[in-house]
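Notes to accompany the following structure.
Readers should treat all values here as calculations from the given coordinates under stated rules, not as data from a laboratory. Computed from a prediction, not measured in an experiment: that's the story for all the values here.
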Amino acid sequence: MSSSCLCDQCSALCCRYFVLEIDTPQTRRQYDDIRWYLVHQNVFVFIEKRKWYLGIYSRCKHLQPDNRCGIYDTRPRICRDYSTDNCDYHGGEYDWQVLFSSAEQLAAYAEEALAKRALKRSKERQKQQRQKARKPELTFVKKRPRATPRRLPKLRPGLMLGPALASGANGNGNGNRNGNGRHATSLRSLPVLPR
Ligand code: SF4
Ligand code: SF4
């Protein structure tokens with residue numbers, strides 16, 4: 001506690017309760033857990049700057065009848081860090097947007113918040129479905145590899161066609177005589193060209 005004379009004029013307002021930050025409720029179950037806090041005596045819940053807090057009115061065990069601290073030299077760090085600047089004495093320490101002092105207040109707020117949340121999620125789902133419907137389906141076709149062109153050997157007609165045409169071959173390997181008296185070459189005896 002500060003040694004400021006301001007505390008001498010105060011009834012030690014800051015030593016009569018404590019506050020803890022709690023998770024922002026998202027589900028009906030989480031709202032119901034907070035409702036459970038509020039069914040107890042001397043409990044309050046508030047929202048300040050979008051954060052949720054649980055407050056409990058409970059007088060410090062070391063607060064003396066003259067409203068002075070009984071363990072001033074060994075008081076906890078939170079008490080040491082607290083100053084009279086804008087403290088509870090000034091009445092403006094907390095700037096809550098919503099204050100719940102009863103379970104019924106919380107329950108009414110929860111119904112409204114859950115309904116808004118459900119509506120928002122429904123709109124998001126509809127938006128996603130519209131986007132999906134507009135988007136064309138992409139189909140992937142596996143590309144077939146191109147066939148490697150077969151290399152054919154270069155034919156030299158002079159080597160093949162000349163003897164074959166001239167032979168009048170009958171395929172039995174004997175061959176016939178042609179008009180100029182030369183033996184014709186059989187097709188079987190054509191040269192094999194290298195690839
Ligand atoms: S509320 Fe302010 S003036 Fe009062 S005891 Fe606490 S610090 Fe001092
Ligand atoms: S320890 Fe002292 S300063 Fe801290 S809350 Fe208790 S009485 Fe107040």
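A few remarks follow.
- Given Lys49/Lys132; Lys49/Lys127; Lys49/Lys120, the pairs whose alpha carbons are separated by over 27 Å: Lys49/Lys132; Lys49/Lys127
- All-pairs alpha carbon distance profile, the stretch 7-130, 5 Å steps from 0, percent: 2, 9, 15, 18, 14, 12, 10, 7, 5, 3, 2, 1, 1, 0
- Residues in the stretch 66-72 carry Karplus couplings, in order, of 8, 6, 9, 7, x, 10, 3 Hz; the curve used is 6.51 cos²θ - 1.76 cosθ + 1.60 with θ = phi - 60°, and Gly or Pro positions show x.
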